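Worksheet for the structure shown next.
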């Protein structure tokens, strides 16, 4: 059984010397041999201290929540360790150590830009994907305030975008939410009408749902925006490093820990010619788009892992899509009263969501965790609020007993088979505890 760790766990490696002072060499994928990370999982409950039995004897925990955070890519770890030696100085200064740091920052920007197919001067690094989303929305609106104060977004945007929209409305602006169908795809007619309305300054559309995996018709939505003369911001957090980034956008954001980079690194891309004005106090760093010093070692690791993830994205997507197909089919046949949600065709290759009637979602997650499976329920970003997912509510689908399974590069067929074998019994047991039997 897989432990969710790289297959090369425990292998020694060398960076060719203590310090790597050439940023381009550090980010040269051909010189970064994948290495492993030996992690001994905590064997006790973090709250009670009780020993956790990971399912069957000798079974390892299986991580199935890559949509929240993918395991750190081996290339990211190696780049991070190397950059800690040479990436600690302020890249803005003129002395030797600063110039070394600047080399790393420039190389990271060039590598990330090349992978995304954009110009290096269009790309900035931010402290997180959330910070990038806030900047994208508020900066896009600020840059076009003479045009109007209208924001258009889908009903299933990430909470970071919705929070920015709430702030915009609180400041006197307007926000129009475009509905989606039961598969989670936007109503293109409603979208076109909304972006074409007078005073619309910015449109925001998530490239693929972080909760149900539905891929949006970004090209068509972008064409409607172009006709109306409205820039389109695309939240690409779930597609970058996994599937090709759709065309037709003016502003784009992504988050490193979604593709196997370290947490705490976001990407903000503003196309040349797009009116965008930083909503934060003016800062000379990152082209004035992000205040403060970037976490350079993490940025280098993010760029290196992005290139590595993109290089084998097609093969990985094909393999994971077959596993997701198996989950979609088996859950529907093996678990009574379950609804597999999301678009069955236009979807991410590595993510599947389903809802089980007569089962409490939190209880199901805890039961799966006790058996060694790490999954998510509803929105990973709002689960602590104990409110139903706004995405599932907007789709009009069952939200009770919701489970999101998202796979990563180290997920194996055996991991998926074990999950599918144990899930029906877990659901049956929880229903029996609730007094629901005979299904």
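What follows is calculated from the coordinates using simple rules that are stated; it is not laboratory data. Remember, it's a predicted structure, so these values are computed and weren't measured experimentally. Positions of Cβ are generated from backbone atoms using ideal geometry, with glycine treated the same way; all protein chains shown enter the neighbour counts.
Quick one: Cα centre-to-centre distance for region 58-121 and region 135-179, in angstrom? Between the Cα centres of region 58-121 and region 135-179 lies a distance of 30 Å.
The order of the peptides 223-235, 140-152, 201-213 by mean Cβ neighbours within 10 Å, most packed first, is 201-213, 223-235, 140-152.
Quick one: in region 116-296, what % of C-alpha pairs are over 24 Å apart? That fraction is 30 percent. For region 314-433, the C-alpha radius of gyration sits at 1.01 times the compact-globule guess of 2.2 N^0.38 Å, with N the residue count.
By the count of other C-beta atoms within 10 Å, a proxy for reagent exposure, 350, 408 are ordered fewest to most as 408, 350.
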